[in-house]
Amino acid sequence: MIADHAGGEMAVPRTRARRRWAAAGVAAGGLAVAGVLVAQELASPVYGMRQGPLAKDPACTRIAAHYPDRLAGDRRDRVSYEGLAAWGHGSVRLRCGIVPPAARKNPCFAVNGVDWVLREDPRHDGRRLLVTYGRRPAVEVTLAASVRQTDTVLVRLSRLVAPVRQSVHCLESR
């Protein structure tokens, strides 16, 4: 209500009321869109993963061009972040562009000429974390405990990262 010149009250002009309702509608719509975007992000197969600092390296671009559509029977998930890929609703996650491990403290093994280091990390909820060794940029792969075809996954991913030049090996027999 607005006071008129005589001291009485008169109704708020309709245009102001309409503007307030329109603003409230726009705000509610914006909140709804934001809610949908947050829900999609939380449901993403790479939720919580960050891009590696070297994700824009041309080697990662070449690797990404050859991501398989299927890995161990699972389809590749739709991921729009550079340097990240996932299969089977995130049961296998790949992160290209990480800084290579400096020293090998953990177990190392080779798959088709690619050295992998197994890292134990309690923050990964039972996932196995593997990182290529001696290649820059390095590739990190996390495997959910439910992934039973670890060998198949590593053979396929080793072929994928093999073109990245290896400067040092973690196994003595080379």
What is the number of the single condition among (1) surrounded by fewer than 22 Cβ atoms within 10 Å (Cβ to Cβ); (2) modelled with pLDDT of 90 or more; (3) not in a loop (DSSP other than H, G, I, E, B) that TYR67 does not meet? (3)
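Matching residues to (1) over 15 Å from ALA138 (Cβ atoms); (2) charged (D, E, K, R); (3) over 11 Å from the mean Cα position of the chain (by Cα):
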| site | (1), (2), (3) |
| --- | --- |
| ALA59 | no, no, yes |
| ARG62 | no, yes, yes |
| ALA72 | yes, no, yes |
| ARG76 | yes, yes, yes |
| SER80 | yes, no, no |
| SER91 | yes, no, yes |
| ARG95 | no, yes, no |
| PRO101 | no, no, yes |
| ASN106 | no, no, yes |
Selection count where residues are open to solvent by 10 Å² or more (accessible area, probe 1.4 Å) and free of Cβ contacts under 8 Å to residues at least 40 places away in the same chain, scope the stretch 105-133: 15
Per the list (1) in contact with a Cys (Cβ under 7 Å, 6 or more places away or on another chain); (2) touching a residue at least 60 places away in the same chain (Cβ under 8 Å); (3) small (Gly, Ala, Ser), residue check on GLY83 breaks on (2)
ASP151 versus (1) open to solvent by 10 Å² or more (accessible area, probe 1.4 Å); (2) assigned to a helix (DSSP H, G or I); (3) under 15 Å from ILE63 (Cα atoms): which is the lone unmet condition? (3)
Can you tell me which of (1) more than 20 Å from the chain's Cα centre (by Cα); (2) more than 24 Å from ASP74 (Cα to Cα); (3) of a type outside the set (D, E, K, R) is the one VAL111 doesn't meet? (2)
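The values are calculated or read from the model by the stated rules, or taken from the named source; none is laboratory data. These numbers come from a predicted model, not from an experiment. All Cβ positions, even for glycine, are placed from backbone atoms using ideal geometry, and neighbour counts span all protein chains on display. These accessible areas exclude ligands, DNA and RNA; they are computed on the full protein's heavy atoms, side chains included. Shrake-Rupley method; radii C 1.70, N 1.55, O 1.52, S 1.80 Å.
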